[in-house]
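First up is the structure itself, then whatever we jot down about it.
No value in this document is a laboratory result; all are computed from the given coordinates. Quantities reported herein were computed from a predicted structural model and do not represent experimental measurements. Cβ coordinates were reconstructed from backbone atoms using ideal geometry, including for glycine residues, and neighbour counts include every protein chain displayed.
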Amino acid sequence: MTSSLILTATPADALIDVPRHLVVRGAAPGARVTLSAHTARAGGVVWHAEATFVADAEGCVDVARDAPVAGSYQGVSAMGLIWSQVPEDGKSRDVFPVPVTAPLVTTVVAQAEAVADATDPAHRVSASSAIAADVGTASASVSASVSASVSASVSFTQRLAAEGVTRREVREDGLAGTLYLPPGEGPFPAVMILNGSGGGINEPRAALYASHGYAAFALGYFKTPGLSDYISNTPLEYFAKGMAWLRRTVKPAHDFVALSGQSRGGELVLLLGATFPEAVSAVIGYVPSALIHSAQNACDPALGREGPTWLLDGKPLPHIWENNRTASWAPFDEGPPPHRHTKAMLTALDDADAVARAAIPVEKIRGPVMLLSAEDDGSWPSSRYSRMVTERLAAHDHPYSVEHLDFARAGHAIVFPYVPTTQLVYAHPVSGKISTGGGEPDANAFADERSWSGVQAFLAQAVAERAQSQGQS
């Protein structure tokens, strides 16, 4: 009979993007082993998941090798107990620690059947006594195995900021952001990170970029203290000022400054690369747009969702909804829940003239471009938009590398590994409108993992090419 169960998680303490190896040893061969994971995330909300496995002939369960027979996820996934987590309050979406430099600690508990062989005399006597006591009789006949359970637990820590990474709030030159720097003297190549239509400052991604050796400046541009609550009428010169500040402050290696943005931020980084090509070394667009869009769900209500988003020299840039003969909000507003914003976006693409007017001139970008899109994007058609970008770059013989990773069954929320991917329906942080970002949790988890490894490789190559072009090693 199994007397002890051992559960290990390695590494015990590492960056959030490092997978953990969860192994159970000491279970009875063929026993069912249930693993439950609990993580206290933003606001103290506990997120949880569980999965049941069958131990192998050695009494072992290896989560990176074995698929569960029941539970929160299906198939083999080393970190399935993280990405399949759901909040115990049923509604939370914030998964990162506050502050970002705080650790995320997950506790995993293993419960395994302890199966006694009834042919063993010692077990037979023990089992008979237990059964007799339970039923209040003096004797009992035992002809089958007797099950009890044994348990073990382990905790592991996920971090967004590696040891030695520093954080600095930036409130100068009219800018609102946070700068994360890697440990050491530098210089480091730099990345400026821009959020989407939810606004705010994307500190989690900046902290992780810094943990991988980049001077990372998360720049807020609305819904941030000191700035507008809305995306409407945002001047592009603000971001040029941000890049200039970053260069002056960190003096980046090889003068390399990449832009990384998601959703509206993905649209924005392509637009900035085309507008200020001399300042942008590389562009990373997560679920981006090929077109300039109106303010949409992040609009100032006084201007409306069809009002302008971006200004240049004080003038609004033409957007896809402007004078569009086919665009309609009805498929989003009136469609069945969960509402999909993409359905409205697709109506606007039927006006070829409006598309041409709103197209971002990405051919002006002077550097490599990486696009990460989702085939089941519920917010807008990022797969189609990304193909429009790659086709336009190819048509203009873009002399720099172009990479496009398009993820089947994935939705709008491509982040990085390893975070919960289950909360697909949400209220927009500005408009409050309920919609779905689309995708399925397992596909979203795969996109998180593969996109981040792709981005790291892309950036490393872009920095190397930049150094080579400057005659540096």
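Summary table
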{"quantity": "Mean Cβ neighbour count within 10 Å, used as a protection proxy, ranking 187-193, 296-302 highest first", "calculated": "187-193, 296-302"}
{"quantity": "Rounded to 5, the percent of DSSP beta bridges in the chain classed as antiparallel", "calculated": "65"}
{"quantity": "Two-site FRET efficiency, residue 89 against residue 315, from Cβ-Cβ distance with R₀ of 51 Å, rounded to 0.05", "calculated": "0.65"}
{"quantity": "Stretch gain in nm, segment residue 105-residue 394, where the contour uses 0.36 nm per residue and the Cα spacing is subtracted", "calculated": "99.5 nm"}
{"quantity": "In Hz, Karplus ³J(HN,Hα) per residue of segment 177-189 (6.51, -1.76, 1.60; θ = phi - 60°; x = Gly, Pro)", "calculated": "x, 9, 9, 10, 10, x, x, x, 7, x, x, 10, x"}
{"quantity": "Packing rank of 257-270, 451-464, where each peptide gets the mean count of other beta carbons within 10 Å, highest leading", "calculated": "257-270, 451-464"}
{"quantity": "Sequence ranges 342-350, 390-398, ranked by mean other-Cβ count within 10 angstrom, highest first", "calculated": "342-350, 390-398"}
{"quantity": "For segment 45-92: relative contact order, % (alpha-carbon pairs under 8 angstrom, 6 or more apart)", "calculated": "45"}
{"quantity": "For the chain, size of Cβ-based charge dipole, Lys and Arg +1, Asp and Glu -1, in debye", "calculated": "740"}
{"quantity": "Pairwise FRET efficiency - residue 237 versus residue 328, Cβ, R0 = 22 Å, nearest 0.05", "calculated": "0.10"}
{"quantity": "Pairwise FRET efficiency - residue 13 versus residue 46, Cβ, R0 = 22 Å, nearest 0.05", "calculated": "0.65"}
{"quantity": "For residue 293, residues with placed amide H under 5 Å, excluding near neighbours", "calculated": "320"}
{"quantity": "Computed lengthening from residue 227 to residue 69, 0.36 nm per intervening residue step minus Cα-Cα distance", "calculated": "51.8 nm"}
